[in-house]
Amino acid sequence: MGDQSANMPYRQVPPPARPAPLPRATGRSGDARHFAALDLGTNNCRLLIARPQGDGFAVVDAFSRIVRLGEGLATSGRLSDAAIERTIAALRVCGDKLRRRHVTLARSVATEACRRASNGADFIARAYVETGIHLDIISAEEEARLAVLGCHVLIEPGEGPALIFDIGGGSTELVLVDTTPTVPRVLDWHSAPWGVVSLTEYAGTGEGPAGRASAYAAMRALVAESFAPFAERLPKEVENPRLLGTSGTVTTLASVHLGLPRYDRSAIDGLIVPAASMRRISADLAGKDLAQRATLPCIGTERADLVVAGCAILETILDLWPAEQLGVADRGIREGILRRLMGARAL
(Lines give C-alpha, C1' and ligand atoms only; values in the text may rest on other atoms or scores of the structure.)
Protein backbone atom coordinates (compact mmCIF):
# COMPACT_ATOMS: atom_id res chain seq x y z
CA MET A 1 0.00 0.00 0.00
CA GLY A 2 1.39 3.35 -0.91
CA ASP A 3 1.37 6.24 1.54
CA GLN A 4 -0.43 9.07 -0.19
CA SER A 5 0.59 11.69 2.36
CA ALA A 6 4.31 11.65 1.60
CA ASN A 7 4.00 14.05 -1.33
CA MET A 8 1.05 16.05 -0.03
CA PRO A 9 1.71 19.79 0.47
CA TYR A 10 1.38 21.35 3.93
CA ARG A 11 -0.13 24.79 3.90
CA GLN A 12 -0.16 27.82 6.11
CA VAL A 13 -3.47 29.05 7.49
CA PRO A 14 -3.47 32.70 6.41
CA PRO A 15 -6.13 35.40 6.71
CA PRO A 16 -8.97 34.69 4.27
CA ALA A 17 -8.27 37.75 2.16
CA ARG A 18 -4.73 36.73 1.21
CA PRO A 19 -4.32 32.95 1.30
CA ALA A 20 -0.83 31.74 0.49
CA PRO A 21 0.79 28.29 0.59
CA LEU A 22 3.58 27.42 2.97
CA PRO A 23 6.68 25.43 1.92
CA ARG A 24 6.81 21.73 2.67
CA ALA A 25 7.53 20.45 6.15
CA THR A 26 11.26 20.18 6.84
CA GLY A 27 10.98 17.52 9.54
CA ARG A 28 12.86 19.69 12.08
CA SER A 29 11.43 19.47 15.57
CA GLY A 30 13.98 21.22 17.73
CA ASP A 31 12.53 24.75 17.59
CA ALA A 32 9.57 26.41 19.27
CA ARG A 33 7.32 26.56 16.25
CA HIS A 34 3.65 25.79 16.68
CA PHE A 35 2.13 23.01 14.59
CA ALA A 36 -1.54 22.37 14.03
CA ALA A 37 -3.75 19.51 12.90
CA LEU A 38 -7.42 19.81 12.01
CA ASP A 39 -9.64 16.79 11.44
CA LEU A 40 -13.02 17.51 9.86
CA GLY A 41 -15.08 14.36 10.03
CA THR A 42 -18.65 13.50 9.19
CA ASN A 43 -19.74 14.39 12.72
CA ASN A 44 -16.98 16.43 14.40
CA CYS A 45 -14.58 19.27 13.72
CA ARG A 46 -11.49 18.90 15.92
CA LEU A 47 -8.32 20.99 16.12
CA LEU A 48 -5.03 20.55 17.99
CA ILE A 49 -2.24 23.12 18.19
CA ALA A 50 1.01 21.88 19.69
CA ARG A 51 4.74 22.47 19.99
CA PRO A 52 7.46 19.79 19.96
CA GLN A 53 8.47 18.50 23.38
CA GLY A 54 10.92 15.66 23.83
CA ASP A 55 9.88 12.69 21.71
CA GLY A 56 6.34 13.99 21.43
CA PHE A 57 4.53 17.30 21.73
CA ALA A 58 2.78 19.57 24.21
CA VAL A 59 -0.74 20.76 23.38
CA VAL A 60 -1.00 24.56 23.24
CA ASP A 61 -4.64 24.89 22.25
CA ALA A 62 -7.52 22.69 21.15
CA PHE A 63 -11.06 22.89 19.80
CA SER A 64 -13.83 20.36 19.27
CA ARG A 65 -17.38 20.83 18.08
CA ILE A 66 -20.06 18.45 16.81
CA VAL A 67 -21.03 19.90 13.42
CA ARG A 68 -22.77 16.92 11.76
CA LEU A 69 -21.43 17.82 8.35
CA GLY A 70 -22.72 14.54 6.93
CA GLU A 71 -26.28 14.96 8.20
CA GLY A 72 -28.69 13.87 5.45
CA LEU A 73 -25.85 12.81 3.14
CA ALA A 74 -26.97 9.17 3.04
CA THR A 75 -30.25 10.10 1.35
CA SER A 76 -29.36 13.21 -0.65
CA GLY A 77 -25.76 12.54 -1.66
CA ARG A 78 -24.98 16.16 -0.81
CA LEU A 79 -23.84 18.25 2.13
CA SER A 80 -26.86 20.23 3.27
CA ASP A 81 -26.85 24.02 3.50
CA ALA A 82 -27.47 23.88 7.25
CA ALA A 83 -24.60 21.43 7.79
CA ILE A 84 -22.26 23.58 5.72
CA GLU A 85 -23.16 26.70 7.72
CA ARG A 86 -22.54 24.90 11.02
CA THR A 87 -19.20 23.64 9.79
CA ILE A 88 -18.05 26.98 8.34
CA ALA A 89 -18.83 28.58 11.71
CA ALA A 90 -16.64 26.00 13.48
CA LEU A 91 -13.85 26.44 10.93
CA ARG A 92 -13.90 30.21 11.53
CA VAL A 93 -13.21 29.55 15.21
CA CYS A 94 -10.35 27.25 14.20
CA GLY A 95 -8.93 29.84 11.83
CA ASP A 96 -8.99 32.47 14.55
CA LYS A 97 -7.13 30.14 16.91
CA LEU A 98 -4.52 29.32 14.29
CA ARG A 99 -3.80 32.98 13.60
CA ARG A 100 -3.85 33.92 17.28
CA ARG A 101 -1.33 31.18 18.07
CA HIS A 102 0.87 32.19 15.12
CA VAL A 103 0.82 28.71 13.65
CA THR A 104 3.33 28.43 10.83
CA LEU A 105 2.82 24.81 9.81
CA ALA A 106 -0.56 23.11 9.68
CA ARG A 107 -2.46 20.40 7.95
CA SER A 108 -6.25 20.20 7.78
CA VAL A 109 -7.99 17.10 6.48
CA ALA A 110 -11.55 16.16 5.58
CA THR A 111 -12.76 12.59 5.51
CA GLU A 112 -15.79 10.49 4.53
CA ALA A 113 -18.49 13.16 4.23
CA CYS A 114 -16.41 15.20 1.79
CA ARG A 115 -15.20 12.09 -0.03
CA ARG A 116 -18.77 11.00 -0.62
CA ALA A 117 -20.68 14.27 -1.18
CA SER A 118 -21.27 15.47 -4.72
CA ASN A 119 -20.68 19.05 -3.53
CA GLY A 120 -17.67 18.19 -1.36
CA ALA A 121 -15.22 20.07 -3.58
CA ASP A 122 -17.46 23.15 -3.62
CA PHE A 123 -17.59 23.10 0.17
CA ILE A 124 -13.79 22.84 0.38
CA ALA A 125 -13.42 25.85 -1.91
CA ARG A 126 -15.91 27.92 0.10
CA ALA A 127 -14.24 26.98 3.39
CA TYR A 128 -10.91 28.24 2.05
CA VAL A 129 -12.34 31.55 0.90
CA GLU A 130 -14.28 32.23 4.10
CA THR A 131 -11.89 30.86 6.73
CA GLY A 132 -8.45 30.65 5.13
CA ILE A 133 -8.25 26.93 5.96
CA HIS A 134 -7.32 24.60 3.12
CA LEU A 135 -8.85 21.17 3.68
CA ASP A 136 -7.31 18.15 1.98
CA ILE A 137 -9.83 15.38 1.29
CA ILE A 138 -7.82 12.32 2.25
CA SER A 139 -8.39 8.71 1.25
CA ALA A 140 -9.75 6.09 3.62
CA GLU A 141 -6.32 4.44 3.57
CA GLU A 142 -4.52 7.55 4.69
CA GLU A 143 -7.19 8.17 7.32
CA ALA A 144 -6.52 4.72 8.74
CA ARG A 145 -2.75 5.21 8.71
CA LEU A 146 -2.95 8.57 10.46
CA ALA A 147 -5.21 7.14 13.16
CA VAL A 148 -2.71 4.33 13.79
CA LEU A 149 0.22 6.73 13.92
CA GLY A 150 -1.67 8.87 16.43
CA CYS A 151 -2.72 6.16 18.88
CA HIS A 152 -0.48 3.09 18.49
CA VAL A 153 1.50 3.83 21.68
CA LEU A 154 -1.58 2.72 23.64
CA ILE A 155 -1.62 -0.83 22.22
CA GLU A 156 -1.19 -3.33 25.03
CA PRO A 157 2.14 -5.21 25.07
CA GLY A 158 1.92 -8.68 23.63
CA GLU A 159 2.72 -11.04 20.79
CA GLY A 160 1.03 -11.37 17.42
CA PRO A 161 -0.95 -8.84 15.42
CA ALA A 162 -3.21 -6.21 17.00
CA LEU A 163 -6.35 -4.62 15.59
CA ILE A 164 -6.92 -0.86 15.73
CA PHE A 165 -10.27 0.61 14.75
CA ASP A 166 -11.73 4.08 14.28
CA ILE A 167 -15.52 4.41 14.27
CA GLY A 168 -16.25 7.68 12.51
CA GLY A 169 -19.39 9.49 11.48
CA GLY A 170 -19.46 8.23 7.91
CA SER A 171 -17.12 5.24 7.87
CA THR A 172 -15.24 2.80 10.08
CA GLU A 173 -11.57 1.99 9.55
CA LEU A 174 -10.03 -1.30 10.68
CA VAL A 175 -6.26 -1.75 10.67
CA LEU A 176 -4.34 -4.93 11.44
CA VAL A 177 -0.82 -4.11 12.62
CA ASP A 178 2.41 -5.87 13.48
CA THR A 179 3.63 -4.29 16.73
CA THR A 180 7.16 -5.71 16.56
CA PRO A 181 8.67 -2.49 15.09
CA THR A 182 8.75 0.73 17.15
CA VAL A 183 6.17 2.17 14.78
CA PRO A 184 3.68 -0.64 13.97
CA ARG A 185 3.71 -2.01 10.44
CA VAL A 186 0.34 -2.11 8.70
CA LEU A 187 -0.44 -5.69 7.67
CA ASP A 188 -3.94 -5.11 6.30
CA TRP A 189 -6.71 -2.53 6.47
CA HIS A 190 -10.35 -2.11 5.59
CA SER A 191 -12.77 0.80 5.36
CA ALA A 192 -16.48 0.13 5.78
CA PRO A 193 -19.05 2.73 4.64
CA TRP A 194 -20.84 2.76 7.99
CA GLY A 195 -20.23 5.28 10.76
CA VAL A 196 -22.55 6.54 13.47
CA VAL A 197 -24.25 9.09 11.21
CA SER A 198 -24.54 7.05 8.02
CA LEU A 199 -25.72 3.91 9.83
CA THR A 200 -28.29 5.78 11.92
CA GLU A 201 -29.74 7.54 8.89
CA TYR A 202 -29.91 4.34 6.84
CA ALA A 203 -31.22 1.89 9.44
CA GLY A 204 -33.11 4.15 11.84
CA THR A 205 -33.43 3.40 15.54
CA GLY A 206 -36.95 1.94 15.77
CA GLU A 207 -39.94 2.66 18.00
CA GLY A 208 -40.80 0.69 21.11
CA PRO A 209 -38.78 -2.22 22.53
CA ALA A 210 -39.45 -4.52 19.56
CA GLY A 211 -38.70 -1.80 17.01
CA ARG A 212 -35.46 -0.84 18.70
CA ALA A 213 -34.35 -4.47 18.88
CA SER A 214 -35.14 -4.96 15.19
CA ALA A 215 -33.30 -1.78 14.15
CA TYR A 216 -30.26 -2.77 16.20
CA ALA A 217 -30.18 -6.24 14.65
CA ALA A 218 -30.41 -4.64 11.20
CA MET A 219 -27.48 -2.37 12.02
CA ARG A 220 -25.41 -5.33 13.20
CA ALA A 221 -26.19 -7.23 9.99
CA LEU A 222 -25.28 -4.31 7.73
CA VAL A 223 -21.97 -3.78 9.49
CA ALA A 224 -21.13 -7.50 9.52
CA GLU A 225 -21.75 -7.67 5.77
CA SER A 226 -19.46 -4.69 5.16
CA PHE A 227 -16.74 -6.26 7.32
CA ALA A 228 -16.99 -9.68 5.63
CA PRO A 229 -14.13 -9.26 3.09
CA PHE A 230 -11.77 -8.17 5.88
CA ALA A 231 -12.96 -10.97 8.16
CA GLU A 232 -11.96 -13.51 5.52
CA ARG A 233 -8.42 -12.14 5.45
CA LEU A 234 -7.86 -12.00 9.21
CA PRO A 235 -5.71 -14.66 10.86
CA LYS A 236 -7.99 -17.34 12.30
CA GLU A 237 -6.00 -18.25 15.40
CA VAL A 238 -4.52 -15.42 17.44
CA GLU A 239 -3.57 -16.03 21.04
CA ASN A 240 -4.74 -13.20 23.30
CA PRO A 241 -5.91 -10.83 20.52
CA ARG A 242 -5.26 -7.17 21.31
CA LEU A 243 -7.77 -4.47 20.37
CA LEU A 244 -7.52 -0.68 20.48
CA GLY A 245 -10.34 1.71 19.59
CA THR A 246 -10.22 5.42 18.88
CA SER A 247 -13.50 7.24 18.43
CA GLY A 248 -16.28 9.06 20.22
CA THR A 249 -18.11 5.77 20.55
CA VAL A 250 -15.43 4.02 22.59
CA THR A 251 -14.60 7.06 24.73
CA THR A 252 -18.30 7.61 25.45
CA LEU A 253 -18.94 3.97 26.39
CA ALA A 254 -15.78 3.93 28.50
CA SER A 255 -17.13 6.97 30.36
CA VAL A 256 -20.38 5.11 30.99
CA HIS A 257 -18.35 2.11 32.18
CA LEU A 258 -16.57 4.28 34.74
CA GLY A 259 -19.78 6.09 35.72
CA LEU A 260 -18.22 9.50 35.11
CA PRO A 261 -20.49 12.50 35.80
CA ARG A 262 -18.77 14.34 32.94
CA TYR A 263 -16.18 13.46 30.33
CA ASP A 264 -12.60 13.35 31.63
CA ARG A 265 -9.91 12.66 29.03
CA SER A 266 -7.29 11.90 31.66
CA ALA A 267 -9.44 9.04 32.96
CA ILE A 268 -10.28 7.66 29.52
CA ASP A 269 -7.21 7.90 27.29
CA GLY A 270 -5.28 4.66 27.77
CA LEU A 271 -8.02 2.92 29.77
CA ILE A 272 -8.43 -0.85 29.41
CA VAL A 273 -12.07 -2.00 29.59
CA PRO A 274 -13.37 -5.60 29.65
CA ALA A 275 -15.04 -6.41 26.34
CA ALA A 276 -17.95 -7.98 28.23
CA SER A 277 -18.64 -4.64 29.91
CA MET A 278 -18.70 -2.82 26.56
CA ARG A 279 -21.14 -5.41 25.20
CA ARG A 280 -23.37 -5.06 28.24
CA ILE A 281 -23.42 -1.27 27.98
CA SER A 282 -24.08 -1.47 24.23
CA ALA A 283 -27.06 -3.80 24.70
CA ASP A 284 -28.43 -1.60 27.48
CA LEU A 285 -28.18 1.58 25.40
CA ALA A 286 -29.72 -0.10 22.36
CA GLY A 287 -32.76 -1.00 24.49
CA LYS A 288 -33.33 2.54 25.77
CA ASP A 289 -35.33 5.19 23.97
CA LEU A 290 -33.87 8.53 22.90
CA ALA A 291 -35.01 10.41 26.00
CA GLN A 292 -33.56 7.78 28.33
CA ARG A 293 -30.19 7.83 26.56
CA ALA A 294 -30.10 11.63 26.66
CA THR A 295 -30.29 11.66 30.46
CA LEU A 296 -27.07 9.68 30.83
CA PRO A 297 -23.90 11.63 31.69
CA CYS A 298 -21.32 11.79 28.87
CA ILE A 299 -24.06 11.02 26.30
CA GLY A 300 -26.60 13.83 26.57
CA THR A 301 -28.68 15.18 23.71
CA GLU A 302 -25.71 15.62 21.34
CA ARG A 303 -24.87 11.89 21.23
CA ALA A 304 -28.14 10.24 22.21
CA ASP A 305 -29.39 9.64 18.67
CA LEU A 306 -26.07 8.34 17.29
CA VAL A 307 -24.62 6.26 20.11
CA VAL A 308 -26.70 3.16 19.29
CA ALA A 309 -25.14 2.90 15.82
CA GLY A 310 -21.72 3.16 17.43
CA CYS A 311 -22.67 0.33 19.78
CA ALA A 312 -23.74 -1.84 16.83
CA ILE A 313 -20.43 -1.22 15.06
CA LEU A 314 -18.42 -1.89 18.21
CA GLU A 315 -20.20 -5.16 18.98
CA THR A 316 -19.62 -6.33 15.42
CA ILE A 317 -15.90 -5.53 15.76
CA LEU A 318 -15.83 -7.59 18.96
CA ASP A 319 -17.39 -10.47 17.00
CA LEU A 320 -14.71 -10.04 14.35
CA TRP A 321 -11.75 -9.86 16.76
CA PRO A 322 -12.81 -11.49 20.05
CA ALA A 323 -10.46 -9.76 22.46
CA GLU A 324 -11.17 -10.12 26.17
CA GLN A 325 -10.52 -6.43 26.74
CA LEU A 326 -10.49 -3.21 24.77
CA GLY A 327 -7.95 -0.41 24.87
CA VAL A 328 -9.47 3.08 24.61
CA ALA A 329 -7.71 6.00 22.93
CA ASP A 330 -8.78 9.63 22.98
CA ARG A 331 -6.30 10.37 20.23
CA GLY A 332 -6.02 9.52 16.56
CA ILE A 333 -5.91 11.42 13.27
CA ARG A 334 -4.92 14.81 14.68
CA GLU A 335 -2.09 13.31 16.70
CA GLY A 336 -0.98 11.33 13.66
CA ILE A 337 -0.86 14.50 11.58
CA LEU A 338 1.16 16.29 14.25
CA ARG A 339 3.68 13.47 14.41
CA ARG A 340 4.03 13.59 10.62
CA LEU A 341 4.51 17.36 10.66
CA MET A 342 7.13 17.06 13.38
CA GLY A 343 9.10 14.52 11.43
CA ALA A 344 7.93 11.18 12.81
CA ARG A 345 8.73 8.17 10.65
CA ALA A 346 5.68 7.47 8.51
CA LEU A 347 3.79 4.20 8.59
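The values are calculated or read from the model by the stated rules, or taken from the named source; none is laboratory data. Just so we're clear, the structure is a prediction, and the values are computed from it rather than from any experiment. We place every Cβ from the backbone using ideal geometry, glycine too, and count neighbours over all the protein chains shown. All accessible areas refer to the heavy atoms of the entire protein, side chains included, with ligands and DNA or RNA removed. Shrake-Rupley method; radii C 1.70, N 1.55, O 1.52, S 1.80 Å.
Can you name the residue in the range 107-150 that is of a type in the set (S, T, N, Q) and open to solvent by less than 50 Å² (accessible area, probe 1.4 Å) and is also farthest from Ala50 (Cα to Cα) among such residues? Steps first, please.
Within the range 107-150, the first condition is being of a type in the set (S, T, N, Q), and the residues that meet it are 108, 111, 118-119, 131, 139.
Keeping just the survivors that are open to solvent by less than 50 Å² (accessible area, probe 1.4 Å) gives 108, 111, 119, 131, 139.
Values: Ser108: 14, Thr111: 22, Asn119: 32, Thr131: 20, Ser139: 25 Å.
Only one residue tops the list, namely Asn119.
What are the residue pairs meeting all of these: first residue in the range 161-176, first residue free of Cβ contacts under 8 Å to residues at least 40 places away in the same chain, second residue small (Gly, Ala, Ser), Cβ atoms under 6 Å, and 6 or more apart or on different chains?
Every condition considered, the pairs that remain are Glu173/Ala144; Glu173/Ser191; Val175/Ala144.
Report the residue count in the range 62-87 for those that are out of contact with any strand residue (DSSP E or B) (no Cβ under 7 Å at 6 or more places or on another chain), surrounded by 18 or more Cβ atoms within 10 Å (Cβ to Cβ) and of a type in the set (Val, Ile, Thr).
Of the residues in that region, 1 qualify.
For the list (1) within 16 Å of Ile124 (Cα to Cα); (2) outside any loop (DSSP other than H, G, I, E, B); (3) open to solvent by less than 60 Å² (accessible area, probe 1.4 Å); (4) not acidic (Asp, Glu), I need the number of the one condition that Arg92 fails.
If we test Arg92 against (1) within 16 Å of Ile124 (Cα to Cα); (2) outside any loop (DSSP other than H, G, I, E, B); (3) open to solvent by less than 60 Å² (accessible area, probe 1.4 Å); (4) not acidic (Asp, Glu), just (3) comes out false.
For the range 151-263, please list each of the strands (runs of 3 or more DSSP E) lying entirely inside it that holds at least 2 residues being open to solvent by less than 30 Å² (accessible area, probe 1.4 Å) and under 23 Å from Ala276 (Cβ atoms).
Working: elements: 162-167, 172-178, 185-192, 242-246.
Output list reads 162-167, 172-178, 242-246.
Of the residues Tyr216, Tyr202, only one is among the aromatic types (Phe, Trp, Tyr) and modelled with pLDDT under 95; which?
Working: Tyr216 fails: modelled with pLDDT under 95.
None of the other options fit; the residue is Tyr202.
Look through Leu244, Leu222, Leu234 and report the one residue that is in contact with a Pro (Cβ under 9 Å, 6 or more places away or on another chain) and either closer than 21 Å to Glu143 by Cβ or at pLDDT below 95 (or both).
On the way: Leu244 fails: in contact with a Pro (Cβ under 9 Å, 6 or more places away or on another chain); Leu222 fails: in contact with a Pro (Cβ under 9 Å, 6 or more places away or on another chain).
Result: Leu234 is the single residue among Leu244, Leu222, Leu234 that is in contact with a Pro (Cβ under 9 Å, 6 or more places away or on another chain) and either closer than 21 Å to Glu143 by Cβ or at pLDDT below 95 (or both).
Conditions (1) closer than 22 Å to Val197 by Cβ; (2) in contact with a strand residue (DSSP E or B) (Cβ under 7 Å, 6 or more places away or on another chain), marked per residue:
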| site | (1), (2) |
| --- | --- |
| Leu260 | no, no |
| Leu271 | no, yes |
| Arg279 | no, no |
| Gly287 | yes, no |
| Gly327 | no, yes |
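So in the range 269-305, with the set limited to residues that are closer than 18 Å to Asp330 by Cα and in a loop (DSSP other than H, G, I, E, B), which one is most open to solvent (accessible area, probe 1.4 Å)?
Taking the candidates together, the pick is Pro297.
Given the conditions (1) modelled with pLDDT of 50 or more; (2) surrounded by 15 or more Cβ atoms within 10 Å (Cβ to Cβ), and given that Val59 satisfies all but one, which numbered condition is not satisfied?
That leaves (2) as the condition not met.
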